[in-house]
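Everything below concerns the one structure shown next.
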Amino acid sequence: MRVIFAGTPDFAATSLQAIVSAGHEVKLVISRPDKPQGRGQNFHPSAVKTLALKFGIPVMTPVNLDELKSNKLPDVDVIVVVAYGKLIPYCLLSHSRFGGINIHASLLPRWRGAAPIQRAIAAGDKITGISIMQMDAGLDTGGIILQKQIEIESSDTSSSLYNKLKLLGACAIIEALARLDHDSIKTITQDETKATWATKLNRSESHLDLTQDAIILERLIRALNPWPGANIILDGEPVKIGGAKTCESSGMPGEILARDHQLIIACGKGSLEIQTIQSAGKRPMNISAWLSGHPIKTNRLIK
């Protein structure tokens, strides 16, 4: 298959690697512009651009997608879009023989949108997966070509689930391209009554509301790990909670129930036993090590 590939992060790069390794001809890669990173704010290419250059594939990094409209794109069979970062105009998707197909990290129509991995964990979903979708003018609304599912484990963070799904997505896109190559593309219309939205994560979600149930907060901690992270205010200082488990101890929301070698905090229902914690500007630490250097001065959280 002759392919135009559009994507940006390593999630997409894993699929690009699989497509090239399977023998498909990637005629062009489209990725987001280089971004400043690190203390020096030097510009670095995306993971997808880096891989494309390694393979000698031409790359475009338009600031404005109107740049794509004004350039003659190569003739291809399909445009594959994976976590590109912007909505690609439908007029560009229709440029190819089979249009555009997208790898989405959820079992559509559940969790359309920007943060399907995090929202699935926060909601307590037991399963998630990859959807290969025929792209249309809407956002994650096109017909489903195929889906592959996996269980969400109780220990999964957004980071660990991301890594599982990027590998699953790479497998799924190869299967989908094989179907296209045999002209056997068939799609299933999404059930709009089952659609849910995975809105983009915001830093305002980081602070834990300890009046909520411990079960809800434990899921949120995993969903926000590693970014933007879940935090509380402890003795006037913000600390990031990297991991916690629920327990049945009870008290007033925010009350510290144990603090020697454990840090157990009461919630609206049940409590959280903090397992990993990180002070501002420091590395994450297990709770026992952290407590040895941070004696708790009060028996209540300020917030």
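Filtered by the rule that a residue be over 21 Å from the mean Cα position of the chain (by Cα), part of a loop (DSSP other than H, G, I, E, B) and crowded, with 20+ Cβ neighbours inside 10 Å, the range 1-56 gives a lone residue, HIS24.
For the range 144-187, a residue qualifies if it is surrounded by fewer than 16 Cβ atoms within 10 Å (Cβ to Cβ) and small (Gly, Ala, Ser), and the qualifying residues are SER154, SER155, SER159, ALA178, SER184. Within this structure, SER204 passes the test of being modelled with pLDDT under 95, part of a helix (DSSP H, G or I) and within 25 Å of PRO116 (Cβ to Cβ). Each residue in the range 70-98 was checked for being surrounded by 13 or more Cβ atoms within 10 Å (Cβ to Cβ) and outside any loop (DSSP other than H, G, I, E, B), and 8 of them qualify. When SER204 is tested against (1) without any contact (Cβ under 8 Å) to a residue 24 or more places away in the chain; (2) surrounded by 14 or more Cβ atoms within 10 Å (Cβ to Cβ), exactly one condition is not met: (2).
The values are calculated or read from the model by the stated rules, or taken from the named source; none is laboratory data. On a predicted model such as this, the values are computed, not experimentally measured, just so you know. Because the Cβ atoms are built from the backbone with ideal geometry, glycine has one as well, and the counts that use them run over all protein chains shown.
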